[in-house]
Amino acid sequence: MLPSTEVPAHLPGEACPGYSPGQFRFKPGCMRAILTLLVGLTLSVTATFAWAADKRVALVIGNSAYRKFPQLPNPRNDAEDVTAALKKIGFEVLGGSDLTRDAVRDSLRQFARAAQDAEAALFYYAGHGLQYRGRNYIVPVDARLQDEFDLEYETVRVDDVVEELNRAAGARILILDACRNLPLATRAKDPFNSTGLAKLSGRGMIVAYATQANQVAFDGTGRNSIFTGAFIQAVQEPGLDAAQMFQRVGMNVDRVTQGRQTPELSLSYPGQFYFNKGETEREAWPRARSSGDPQALRDFIARFPNSFLVDDAKDLIRRLESVAGNEPRRADPDRVVSQQFARKTEEEAPVRSKEDADRLAWERLKDEQRRRAEARAQAEQERIADEARQKKLAEDRAASEARDRQRQAQDARAEEARRLADAKAEEARRLADARAEDARQKKLAEERAATEARERQRLAAEAKAEEARRLADAKRQEQERIAEEARLKKLDQERAVAEAKERQRQIQEAKAEEDRRRIEARRLEAERAAEDARQKKLAEDAAAAEARERQRQIQEARAEDERRQAEARRQEQQRVAEEARQRKLAEEAAAADARERQRLAEAQADEGRRQEIARRAEQDRAAADAQDTQRRQALLQSETPRAGTQLAYAGTSQ
C-alpha cells in the first residue's frame with residue numbers, strides 16, 4: 001500500500017512559497033522539496049511492486065479430532081490463528097484442520113506446486129507426532145497405529161515435507177508444534193516409547209521446534225498452545241529477522257513455563273529472512289514527527305502502542321494542538337498545508353541532522369537495553385543455579401518446593417524493582433531528550449524558550465502520575481501471579497494422580513505382555529518345526545534335480561570331444577565342491593536349530609525343576625506342619641494322664 005502523500009494546492013495569484021505570479025518558475029527551496037517528494041514517491045512505488053513480486057507460500061495443518069488417539073484441544077485453533085497471522089504479512093496459505101492422510105497428501109501436492117521457485121516456503125504443523133529410528137512422522141486424524149509396520153501406510157514422513165520445501169528458491173521454514181506424547185506403549189519394548197521428536201538437519205533450512213529434541217511440549221490452557229501463542233505474537237512484529245523472531249518466541253515460552261519448556265531453533269539459512277517486512281517504529285517515527293500532523297502521530301501510536309516513543313508522540317500532539325488553538329482564526333486548509341510544506345523545506349537540513357542524532361540515540365538505547373537484558377539473564381542464571389545447589393543439599397522435596405514458591409515471589413518482587421528502576425532510567429532518558437530538544441528549539445526560535453520550560457514542568461508532573469499508575473499495575477500483576485501459582489499447583493496435583501493411574505495401567509499391561517510372549521514363543525516353536533519340514537522337502541527336491549542334471553551332463557560329456565571332456569571334469573569338480581559347501585551349510589543350520597531346540601528344552605527343564613523344587617518345598621512344609629500338629633497332640637495327651645495321677649495322689653493323702 002502506497003503511503004499517503006499530500007501535494008500542496010494553490011490558487012492562481014495566491015502567495016505560494018516558490019511561485020511568483022505571472023512566472024512559470026520555481027524558487028530553489030520549493031524545487032528541492034518537489035524533487036524530494038518525487039524521489040520518495042518513486043521509492044515507495046518501487047518497494048510496493050517489489051513486495052507484490054515476492055512469492056511466499058505456507059502450508060498450515062492443525063489436527064485435533066483424532067479418532068483412535070486422545071484429542072488435542074489447541075491445534076485446530078493454532079492452525080486458524082497462524083493462518084490469519086501469515087496472511088497478514090503476505091503469505092499465501094494452504095492446508096486446513098483435522099486432515100486425514102489423503103487430505104494431507106493432497107495439501108502437500110498443492111504446496112509443492114505453489115512452492116516452486118518461491119521466495120519463501122513455510123510448513124507449520126500442530127498435532128500428534130512421533131519418531132521412530134531417528135525419523136519424524138506427523139499423525140493424521142484417521143491414523144491407526146499398532147506397530148512399526150503401520151508407519152509408512154498410516155502417517156506422513158516429515159522428510160517428505162522437507163523434500164517439497166526444497167523446491168523454494170529462498171528461505172525454507174519448518175515449524176513443528178508436534179512434540180506431544182502419543183500413547184502407543186502396548187509392549188515392554190515398544191518401538192514408539194521415545195518422547196518428543198528427533199532433530200532434523202539440512203542446508204538452507206530454518207527448523208523451529210516447540211521444545212528441545214526428545215522432549216515433550218505442553219498444551220496451552222487457553223485458545224493456543226504456549227509455543228504457537230508466542231509465535232503468533234512475535235511474527236506480527238515488523239523488522240525482525242528469523243533468528244530474532246524465534247529468539248523472542250523462545251524467551252516468551254521459557255518465561256511462561258518457568259523454564260520447563262525451551263523451544264529449539266536449527267538455523268542453516270545463509271541469508272536473512274524477515275517475516276514481517278512492514279515499516280518499523282524506527283522507520284516510521286522520523287516521518288510522523290516531521291510531518292507536523294497530529295493525525296499522523298495518532299496513526300503512529302495506533303500502529304506501535306508498545307513503543308517507548310508513544311509518550312513523545314502524545315507530547316508532540318499536545319504541542320501542535322496547543323499552537324493551533326492559539327491561532328486567532330482557522331486558516332484555509334490549502335494554505336496551512338502550503339505553509340507546512342514551506343517550513344519543512346526550510347528546515348530540511350536541520351531535520352536531517354536531528355534524524356542522525358535520533359538514529360545514534362536509538363542505537364545507543366538498543367545497545368544499552370541489550371546489555372541490561374544480558375546482564376539480567378546472566379545474573380538470573382547464576383542465582384537459579386546457586387539456589388538449586390542449596391536446595392539439593394539442604395532440605396527434602398516438600399521443603400524445597402516451599403522454598404521454590406518463596407523464591408519465585410522474591411524474584412517477582414526483585415523483577416518489579418528492576419522494572420521500576422528501568423522505568424526511572426527511561427524517564428530520565430526522556431527528560432534528557434526533552435532538554436536536548438529544548439536546546440535545539442532555542443537555537444531555532446528564542447521566543448519559544450518560556451513555553452518549553454513550562455512544558456518540561458508539565459512532563460515531570462505527568463511522569464509522577466505515570467509512576468503511580470505503574471505501581472498500581474505492578475500490584476495487580478502480583479495478584480494475578482499468585483492466582484496463577486495456585487492454578488499451577490492444582491494442575492501438578494492432578495498430573496500426579498494421572499501418573500499414578502498410568503503406572504498401574506503399565507503394570508497390568510506388563511503382565512499381559514508376559515502372557516503374550518509365552519504364547520508367541522510356542523507359536524514360534526511350531527513355525528520353526530514347519531520350516532524345518534519345508535527345508536527338508538526342498539533339500540530332497542534339490543537332490544533329485546541334481547541327479548537329473550548329472551545324468552544330462554554325463555550324456556553330453558560322451559558326445560563332446562576331448563577338450564569338452566576336460567571342461568566337463570573341471571565343472572564336475574566345482575559342482576562337487578559347491579555341493580559339499582551346501583551340505584556343510586545345511587549341517588551347520590541343522591546344528592544351530594538343534595542347539596536352539598536344546599536350549600528351549602533346557603529352559604523348559606529348568607522351569608520344571610523350579611516347579612518341582614517349589615512343590616517339594618510345599619510338601620516338606622505341609623509334612624512339617626503335620627508333624628508339629630502330631631507333637632502338640634501327643635504333648636496334650638501326655639499332660640492329661642499326668643494331671644489325673646496327681647489328683648489321685650492328692651485323694652490318697654487325705
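The values are calculated or read from the model by the stated rules, or taken from the named source; none is laboratory data. Note that this is a predicted model, so its numbers are computed, not measured. A quick note on method: Cβ atoms are made from the backbone with ideal geometry, for glycine too, and the neighbour counts reach across all protein chains shown. Note: accessible area is taken over every heavy atom of the protein model, side chains too, but ligands, DNA and RNA are not part of it. Shrake-Rupley method; radii C 1.70, N 1.55, O 1.52, S 1.80 Å.
Things to note:
- Unique match (being open to solvent by 100 Å² or more (accessible area, probe 1.4 Å), free of Cβ contacts under 8 Å to residues at least 12 places away in the same chain and farther than 17 Å from GLU416 by Cβ) among ARG454, ARG458, ARG476: ARG454
- Scanning region 268-278 for residues that are assigned to a loop (DSSP other than H, G, I, E, B) and crowded, with 16+ Cβ neighbours inside 10 Å yields TYR269, PHE273, PHE275, ASN276, LYS277, GLY278.
- Inter-residue pairs, beta-carbon under 7 Å, first under 18 Å from ALA547 (Cβ atoms) and in region 564-576, second assigned to a helix (DSSP H, G or I), 6+ apart: ALA568/GLN553; ALA568/ALA557
- Looking across region 575-594, the residues that are among the hydrophobic types (A, V, I, L, M, F, W, C) and over 24 Å from GLN553 (Cα atoms) come down to LEU585, ALA586, ALA589, ALA590, ALA591, ALA592, ALA594.
- Considered as a group, the residues in region 105-160 that are touching a residue at least 60 places away in the same chain (Cβ under 8 Å) and β-branched (Val, Ile, Thr) include one that is farthest from VAL216 (Cα to Cα), and that residue is VAL141.
- Applying the criterion of being touching a Phe, Trp or Tyr at 6+ places or on another chain (Cβ under 7 Å) and part of a helix (DSSP H, G or I) to the residues of region 231-257, the residue that is nearest to ALA385 (Cα to Cα) is VAL253.
- Matching entry among GLN504, GLN535, GLN508 (being out of contact with any Phe, Trp or Tyr (no Cβ under 7 Å at 6 or more places or on another chain), assigned to a helix (DSSP H, G or I) and open to solvent by less than 90 Å² (accessible area, probe 1.4 Å)): GLN535
- For region 538-552, the set of residues classified as open to solvent by 60 Å² or more (accessible area, probe 1.4 Å) and closer than 15 Å to GLU572 by Cα consists of GLU546, ARG548, GLU549, ARG550, GLN551, ARG552, listed by residue number.
- Options GLU556, GLU602, GLU579; residue that is closer than 28 Å to ALA526 by Cβ and assigned to a helix (DSSP H, G or I): GLU602
- Failed criterion for ARG260 (all others in (1) open to solvent by 30 Å² or more (accessible area, probe 1.4 Å); (2) not in a loop (DSSP other than H, G, I, E, B) hold): (2)
- Test result for GLU427, touching a helix residue (DSSP H, G or I) at 6+ places or on another chain (Cβ under 8 Å) and either among the hydroxyl-bearing types (Ser, Thr, Tyr) or open to solvent by less than 60 Å² (accessible area, probe 1.4 Å) (or both): yes
- Inter-residue pairs, beta-carbon under 6 Å, first under 13 Å from ASP311 (Cα atoms) and in region 420-434, second of a type in the set (Gly, Ala, Ser), 6+ apart: GLU427/ALA463
- Pick from region 408-421, criterion at pLDDT 75 or above and among the charged types (D, E, K, R), ranking: surrounded by the most Cβ atoms within 10 Å (Cβ to Cβ): GLU416
- Qualifying residue in region 340-349 (condition: modelled with pLDDT under 55, surrounded by 13 or more Cβ atoms within 10 Å (Cβ to Cβ), out of contact with any strand residue (DSSP E or B) (no Cβ under 9 Å at 6 or more places or on another chain) and of a type in the set (Phe, Trp, Tyr)): yes
- Tally, over region 225-254, of residues that are surrounded by fewer than 24 Cβ atoms within 10 Å (Cβ to Cβ) and touching an Asp or Glu at 6+ places or on another chain (Cβ under 6 Å): 1
- Test: ASP492 is under 29 Å from the mean Cα position of the chain (by Cα) and open to solvent by less than 80 Å² (accessible area, probe 1.4 Å): yes
- Top-ranked residue of region 70-92 - restricted to ones that are hydrophobic (A, V, I, L, M, F, W, C) and surrounded by fewer than 20 Cβ atoms within 10 Å (Cβ to Cβ), ranked as modelled with the lowest pLDDT: ILE89
- When GLY129 is tested against the conditions (1) open to solvent by less than 20 Å² (accessible area, probe 1.4 Å); (2) in contact with a Phe, Trp or Tyr (Cβ under 9 Å, 6 or more places away or on another chain); (3) over 24 Å from PRO73 (Cβ atoms), the lone failure is (3).
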